[in-house]
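What follows is one structure encoded as structure tokens, with my remarks underneath.
Only the coordinates and a few stated rules stand behind these numbers; no lab work does. All of these numbers come straight from a predicted model, not from anything done at the bench. We place every Cβ from the backbone using ideal geometry, glycine too, and count neighbours over all the protein chains shown.
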Amino acid sequence: MFKIKNYFLVVLLLSLVGCDVIPSGSVYRPNSGTTSSTNESREFADLIAKDQINKNDETAKVLTYLLNDADPKEKQTAAVITNTSNCNIIVRLTQSGGNKIYNLPVSKNSKNQFIIDKGNYTLRSNVCSAKYYSQKSVTDALILTLGTN
């Protein structure tokens with residue numbers, strides 16, 4: 001009887017330990033599918049093309065946010081994302097409550113800057129074959145570096 005209880009506890013413990021849990025700010029490497037990476041490559045190409053429209057104006061706004069003192073009354077702030085990986089990425093920001101969704105393209109081994117609304121966000125991205133997930137409260141400029149080691 002004692003051995004059966006121990007066996008049951010070991011099986012229960014192993015089943016609990018084997019669950020996939022992704023803590024905030026973590027990276028994990030799933031099995032990659034070619035269909036989703038192909039779709040994301042197309043989406044990246046579309047987003048980066050749209051991003052180049054009025055990019056000089058947006059860059060000027062980002063620099064203004066970064067160089068001046070933060071105004072707590074301001075509804076927007078800057079986001080500067082650096083991609084140190086060898087893959088193009090899309091950083092997806094979803095505001096709590098689903099009010100705003102940003103899909104921000106960042107080319108491989110470069111950085112890109114954007115203007116975003118302040119608020120609480122869930123951040124997701126595929127960095128090559130790794131997944132990035134984090135939750136952040138954005139009240140000041142968001143400076144983020146993503147890459148693979």
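Summed over region 50-93, residues that are more than 19 Å from Gly119 (Cβ to Cβ) and either in a strand (DSSP E or B) or over 23 Å from the mean Cα position of the chain (by Cα) (or both) total 12.
If only one of Tyr102, Tyr65 is within 14 Å of Ile143 (Cα to Cα), surrounded by 17 or more Cβ atoms within 10 Å (Cβ to Cβ) and of a type in the set (Phe, Trp, Tyr), which one is it? Before the answer, list the steps.
Values: Tyr102 fails: within 14 Å of Ile143 (Cα to Cα).
After ruling out the rest, the residue left standing is Tyr65.
Of all residue pairs spaced 6 or more apart or on separate chains, those with beta-carbon atoms under 6 Å, a first member in region 38-64 that is touching a residue at least 40 places away in the same chain (Cβ under 8 Å) and a second member that is outside any helix (DSSP H, G or I) and small (Gly, Ala, Ser) are Val62/Ala78. Checking the structure you have, find out if any residue of region 106-114 is of a type outside the set (A, V, I, L, M, F, W, C) and either out of contact with any strand residue (DSSP E or B) (no Cβ under 8 Å at 6 or more places or on another chain) or crowded, with 17+ Cβ neighbours inside 10 Å (or both). Checked region 106-114: at least one residue is of a type outside the set (A, V, I, L, M, F, W, C) and either out of contact with any strand residue (DSSP E or B) (no Cβ under 8 Å at 6 or more places or on another chain) or crowded, with 17+ Cβ neighbours inside 10 Å (or both). For region 78-86, the condition holds for at least one residue, the condition being that it is under 20 Å from Glu40 (Cα atoms), loosely packed, with under 14 Cβ neighbours inside 10 Å and in contact (Cβ under 8 Å) with a residue 40 or more places away in the chain. State whether one or more residues within region 117-139 are free of Cβ contacts under 8 Å to residues at least 24 places away in the same chain and more than 21 Å from Thr38 (Cβ to Cβ). Yes - at least one qualifying residue is present in region 117-139. Looking across region 94-149, the residues that are part of a strand (DSSP E or B), under 21 Å from Glu58 (Cβ atoms) and touching a Gly at 6+ places or on another chain (Cβ under 8 Å) come down to Gln95, Val138.
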